[in-house]
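Note sheet for the following structure.
The values are calculated or read from the model by the stated rules, or taken from the named source; none is laboratory data. All figures in this text were calculated on a predicted structure; none of them were measured in a lab. So basically every Cβ, Gly included, is an ideal-geometry build from the backbone, and we count neighbours across all protein chains shown. SASA here: full protein model, heavy atoms, side chains in, ligands and nucleic acids out. Shrake-Rupley method; radii C 1.70, N 1.55, O 1.52, S 1.80 Å.
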Amino acid sequence: YDKAIKLCKDLFIKKMKDQVFIKEFIKKAFADTRSGDVEIQYTPLGTRIIIYTTSPGLVIGAGGERIRDITEKLKNEFHIENPQIDVQKIQEPDLDPHIVANSIASGLENRVNFKKLGKYHLERVMKAGAVGCEIIIKGKISGEKARKERFVAGYIKKSGEPRERDVLFGRVVANPPLGNIAVNVSIMVIHSDKKIEIVKPVKKIEEPTPVVE
């Protein structure tokens with residue numbers, strides 16, 4: 001029994017590690033596109049990989065050439081028997097934490113001031129309709145000493161089930177000359193705990209008209 005539990009744990013840990021490596025591989029492969037999260041689903045027909053992006057055409061490539069190339073690499077390098085890549089378009093890039101974090105990281109690598117980046121993207125996220133947003137930039141952002149800067153607006157859950165349900169999270173590491181800088185973006189897209197009182201209209205009961213004999 002103990003051996004069976006250990007085997008299950010080992011298989012679970014291996015699958016999680018494989019997912020991390022596959023996601024990193026796909027993100028690097030499509031680094032030239034504005035891509036967000038990568039979702040991996042295991043089905044009886046094979047492994048379904050969903051790539052969220054603002055530019056599906058660039059991800060797919062001319063005649064699907066780019067997708068076919070990535071599919072072959074997934075088979076050969078990660079030993080995935082039947083990978084099925086699904087490309088989904090992101091309708092609102094400013095509500096995707098991965099794309100926002102990538103944009104901030106690119107700005108930091110191009111030596112744009114971190115305060116301008118934080119305020120600019122925070123404003124864009126809130127204008128896009130977010131309930132709340134938190135941007136944390138941590139590392140050597142101004143000088144040799146590492147520090148942390150936080151930009152926040154609106155209302156955002158910090159823990160518990162509502163955070164898991166309503167808050168999207170993205171993390172990207174920028175590589176400017178001074179050293180690595182971590183960019184964490186949390187966006188609360190909905191507020192499912194919010195109690196909204198619905199006032200029902202009162203139906204007026206009309207009294208019957210008296211019958212005159």
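Dipole magnitude for the chain: computed about the Cα centre from +1 point charges on Lys and Arg Cβ and -1 point charges on Asp and Glu Cβ, it is near 1040 debye. Distance from the Cα centroid of region 15-71 to that of region 95-143 is 24 Å (rounded to whole angstrom).
Using Cα springs under 10 Å in a Gaussian network model of the chain, which residue among 177, 93, 83 shows the largest mean-square fluctuation? Among 177, 93, 83, the largest mean-square fluctuation in the Gaussian network model of the chain belongs to 177. Pairs spanning more than 29 Å between alpha-carbon atoms, out of 27/140; 27/119; 9/138: 9/138. Computed over protein heavy atoms with a 1.4 Å probe, the carbon and sulfur contribution to the accessible area of the chain reaches 55%.
Restricting to DSSP H runs of at least four residues, report the calculated mean residue ellipticity at 222 nm for the chain, -39500 (n - 2.57) per run over all residues, nearest 500 deg cm²/dmol. The helix-only estimate for the chain comes to -12000 deg cm²/dmol at 222 nm. Proximity of backbone amide H atoms, modeled 1.01 Å from N, is registered between residue 47 and 82, 84 at under 5 Å, excluding neighbours fewer than 5 places apart on the same chain.
Give the residue list of GluC sites (Glu not before Pro) in region 24-119 that are DSSP loop and have at most 10 other beta-carbon atoms within 10 angstrom.
81
Think of a 1.4 Å ball rolled over the protein heavy atoms: the chain then has 68 Å² of accessible area per residue.
Can you match P(r) over Cα pairs in 5 Å bins from 0, in percent to one of these, [x] 1, 7, 16, 21, 22, 17, 10, 4, 1, 0, 0; [y] 1, 6, 11, 13, 13, 14, 12, 9, 6, 3, 2, 2, 2, 1, 1, 1, 1, 1, 0, 0, 0; [z] 1, 6, 12, 16, 16, 15, 12, 8, 5, 4, 2, 1, 0, 0, based on a calculation from the structure here? Derived directly from the coordinates: [y]. Helix 2-29 and the long axis of the chain differ in direction by around 80°, with both axes built from C-alpha atoms. Compared with the dominant principal axis of the Cα atoms in the chain, helix 97-109 is inclined by about 50°. Rounded to two decimals, the Cα-based Rg/Rh of region 1-92, with Kirkwood Rh, is 1.05.
When you restrict to C-alpha pairs under 8 Å that are six or more residues apart and normalise by the size of region 104-196, the relative contact order lands at 33 percent. Positive end of the dipole of the chain (Cβ unit charges, origin at the Cα centre): among 125, 43, 54, the Cα lying farthest that way belongs to 125.
Short-range pairs are left out: with C-alpha atoms under 8 Å and at least six residues apart, the relative contact order of region 1-111 is 24 percent. Helix 65-78 and the longest principal axis of the C-alpha atoms of the chain enclose an angle of approximately 70°.
Rounded to the nearest Hz, the phi-derived 3J(HN,Hα) couplings of region 174-180 under the Karplus curve 6.51 cos²θ - 1.76 cosθ + 1.60 (θ = phi - 60°) are 8, 10, x, x, 6, x, 5, where x marks glycine and proline.
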